[in-house]
Amino acid sequence: MKQRWSVIGLVSVISFFSGGWLLQRGAGAGNVYQQARLFDDVLGHVSAYYVDSLGEIDLYQKATHGMLEQLEDPYSVLLTGDDYKALTEQTSGNYAGLGIQIDVRDGWITVVAPLPETPAERAGVQTGDQIIAVDGKSTKGWKNDEAVKALRGGAGSKITITVRRAGIPEPIKYPLTRARIHIKSVPAGTMFPDGIGYISLNPVSETSADELRQEISALKKKGMKSLILDLRFNPGGLLDQGVEVADLFLDNKQEIVSTRGRARGSTKQFYDDARQTWPELPIVVLVNDGSASAAEIIAGALQDHDRAVVVGSPTFGKGLVQTLFPLSEGVALKLTTARWFTPSGRTIQRTVESEEEQAELAAEEAADTVLGSPGLETSDSALRELPIFRTDAGRVVRGGGGIVPDIVMTADTLTEGEREFAKALGNNLPEYRDVLTTLALEAKNKGSITSESFSVTPAMRREVYDRLGAKGVRLSAEEIAGAGRLVDEQLGNELARYVFGRQAEFRRRAANDRQMQTALDLLRRAESPKELLGLASASPAAPASN
């Protein structure tokens, strides 16, 4: 009887084992006790008579996963092993390792950048170093996940990496001690001319609000007069931190988000509990179809209270509250327990049947725009048909799932010639990336590029094509002719990264980022949050009232 009681919660997966035949015979009717008995009987028969041998432990695991699958909610899952560990690392930003951002280039693990104040940085590991061995074992042909597993380990454990560095004939060995690493969700900000500061937040983790507060204060000391807060490709994270981030920019008793659920305590409202520190600061929030969850809470709250102008493409639309229930050592249930709503009453969650459909809808809305002037875009009819809500000041915002920006505009898209070039590369994309990185490392070694304002020359572009040819990648004259701008931009970004560092790469990318340039233009013309809202409302890109 004890065994039967333990599986009462699994009755919804009876058909998983029986193929539905018992239910067709009417055996599915009855109270919960009968259902539990039925499940126990099915379990016993499958365990004893099924053609393949399946132990009861395996059957219970299949039943558990089957029940969760029947919920048709991609966010309600049982987390074990590496999946549970990965979620913990994502939400806390903490892991034990060396502090190196890596990628695979030309068949070798290559250092993209050492993180500040980590064992790797303190030892002298540099951007562009190729990690050719770990504890004497060659890394030739390793994938990213293999390298991550090898480089990470318990804090205090020892490891020796061997690197190959451009300009140094002999490999360099670094004996290192792994340490607790904290990956900041808010990297160092950037100052643009006219006192415009830029800060990226990704993801929303345990220390996001404190990190953002510190970075804004640091930029204010450098003369920041307005702010671009970039939430693009931010997948979200912790609800409480999303609330605390929004709290930084709102005033006491302003609602930030509400949750509505069935279980006791799952329906509640979250309010700002303190006056904002920077009420005079004009803010543009950048979003796209990769902005989700807690990132949408932040964007929605600031938009509904007229505290920021939101620029970009409609967001992903993940407005579900997941509660983590630890069940045993290394095992937890992540279960959807409520839905989120913005202060104006908009649901953040899209109505979809699967995560794949959700991503497709977000991508379609991101592309569902019409080029306007000057360089902005107005939303097409599909966006204009979304339900209307009102901000505190009476501005129109759109509902229907996700956050529809005040100024809807896509990121840069490829031209027809550039699409043909990408199509021609096909499975040879890794070789193309390898060529760009190799050229960047050679330029760093030679010292041939001395200024961040360098231009990619036709000769440099030709070298890309020549090296692709040497790797067996054949491109037609038409494909090459149509890819000039794209190759120049991507090679320029790679050169900036490896020769001058990540900040230089960011500045170069920003110059070619239409959404970023729109934000900069708005903030150059606005001296106050009120003026900024006026510019956004007057823009041809703002959603029209109807």
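The values are calculated or read from the model by the stated rules, or taken from the named source; none is laboratory data. Please read these numbers as outputs of a predicted model, since none were measured by experiment. Don't worry about glycine lacking a Cβ; one is built from the backbone with ideal geometry, like all the others, and counts go over all protein chains shown.
Here VAL370 meets the list (1) modelled with pLDDT under 75; (2) surrounded by 15 or more Cβ atoms within 10 Å (Cβ to Cβ) almost entirely, failing just condition (2).
Checked against the criterion of being without any contact (Cβ under 8 Å) to a residue 24 or more places away in the chain and among the β-branched types (Val, Ile, Thr), region 160-168 contains one or more residues that satisfy it.
Which one is modelled with the lowest pLDDT, of the residues in region 184-198 that are under 16 Å from GLY237 (Cβ atoms) and surrounded by 21 or more Cβ atoms within 10 Å (Cβ to Cβ)?
Among them, the one singled out is SER185.
Can you pull out every residue in region 116-127 that is in contact (Cβ under 8 Å) with a residue 24 or more places away in the chain and farther than 25 Å from VAL435 by Cα? Can you show your working first?
From region 116-127, those in contact (Cβ under 8 Å) with a residue 24 or more places away in the chain are 118-120, 123-127; that's our starting set.
Selection gives THR118, PRO119, ALA120, ALA123, GLY124.
Among the residues examined, ARG502 does not qualify as outside the structural domain of LEU227 (by TED's automatic domain parsing), farther than 26 Å from ILE102 by Cα and not acidic (Asp, Glu).
The set of residues in region 321-348 being under 23 Å from the mean Cα position of the chain (by Cα), buried (at least 19 other Cβ atoms within 10 Å of the Cβ), under 17 Å from GLY402 (Cβ atoms) and of a type outside the set (Val, Ile, Thr) consists of TRP340, PHE341, ARG346. Within region 233-254, residues that are free of Cβ contacts under 8 Å to residues at least 40 places away in the same chain have Cβ atoms under 9 Å from residues that are among the hydroxyl-bearing types (Ser, Thr, Tyr) and part of a loop (DSSP other than H, G, I, E, B) in these pairs: LEU248/THR277, counting only partners at least 6 apart in sequence or on another chain. THR337 fulfils the conditions (1) in contact with a Gly (Cβ under 6 Å, 6 or more places away or on another chain); (2) among the polar types (S, T, N, Q); (3) at pLDDT 90 or above except for a single criterion, (3). All conditions but one from (1) more than 30 Å from MET191 (Cα to Cα); (2) touching a residue at least 40 places away in the same chain (Cβ under 8 Å); (3) surrounded by 15 or more Cβ atoms within 10 Å (Cβ to Cβ) apply to GLU463; the one that does not is (2). Do you know which of the residues in region 79-101 that are surrounded by fewer than 18 Cβ atoms within 10 Å (Cβ to Cβ) and part of a strand (DSSP E or B) is modelled with the lowest pLDDT? Applying the filter and picking the extreme gives ASN94. When ALA113 is tested against (1) surrounded by 20 or more Cβ atoms within 10 Å (Cβ to Cβ); (2) part of a strand (DSSP E or B); (3) touching a Pro at 6+ places or on another chain (Cβ under 8 Å), only condition (3) is not met.
Let's see how each residue does on (1) over 27 Å from ASN427 (Cα atoms); (2) surrounded by fewer than 19 Cβ atoms within 10 Å (Cβ to Cβ); (3) at pLDDT below 95:
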{"residue": "ALA470", "(1), (2), (3)": "no, yes, yes"}
{"residue": "ARG497", "(1), (2), (3)": "no, no, yes"}
{"residue": "ARG524", "(1), (2), (3)": "yes, yes, no"}
{"residue": "GLU527", "(1), (2), (3)": "yes, yes, yes"}
{"residue": "ALA536", "(1), (2), (3)": "yes, no, yes"}
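Among the residues of region 486-520, how many are over 30 Å from LYS446 (Cα atoms) and touching a helix residue (DSSP H, G or I) at 6+ places or on another chain (Cβ under 9 Å)? Talk me through it step by step, then tell me what you get.
Going through region 486-520, the residues over 30 Å from LYS446 (Cα atoms) turn out to be 514-520.
Still in the running and touching a helix residue (DSSP H, G or I) at 6+ places or on another chain (Cβ under 9 Å): 516-517, 520.
So the count comes out to 3.
Among residues of region 196-212 that are touching a residue at least 40 places away in the same chain (Cβ under 8 Å) and farther than 16 Å from GLN503 by Cα, those with a beta-carbon under 9 Å from a residue that is surrounded by fewer than 21 Cβ atoms within 10 Å (Cβ to Cβ) and β-branched (Val, Ile, Thr) at least six positions away or on a different chain give the pairs PRO203/THR91; VAL204/THR91; SER205/THR91; SER205/ILE183; GLU206/THR91.
Within region 436-451, is there a residue that is surrounded by 15 or more Cβ atoms within 10 Å (Cβ to Cβ), farther than 22 Å from ARG105 by Cα and at pLDDT 90 or above? No.
Inside region 389-407, residues that are surrounded by 14 or more Cβ atoms within 10 Å (Cβ to Cβ) and either in the same structural domain as ALA481 (by TED's automatic domain parsing) or more than 22 Å from SER291 (Cα to Cα) (or both) make up a count of 1.
Selection over region 414-428 of residues that are surrounded by fewer than 14 Cβ atoms within 10 Å (Cβ to Cβ), without any contact (Cβ under 8 Å) to a residue 12 or more places away in the chain and within 28 Å of PRO314 (Cβ to Cβ) gives a count of 1.
Considering region 258-353, the qualifying strands (runs of 3 or more DSSP E), each wholly inside and each with 1 or more residues that are farther than 26 Å from LEU212 by Cα and out of contact with any His (no Cβ under 8 Å at 6 or more places or on another chain), run over 320-328, 331-341.
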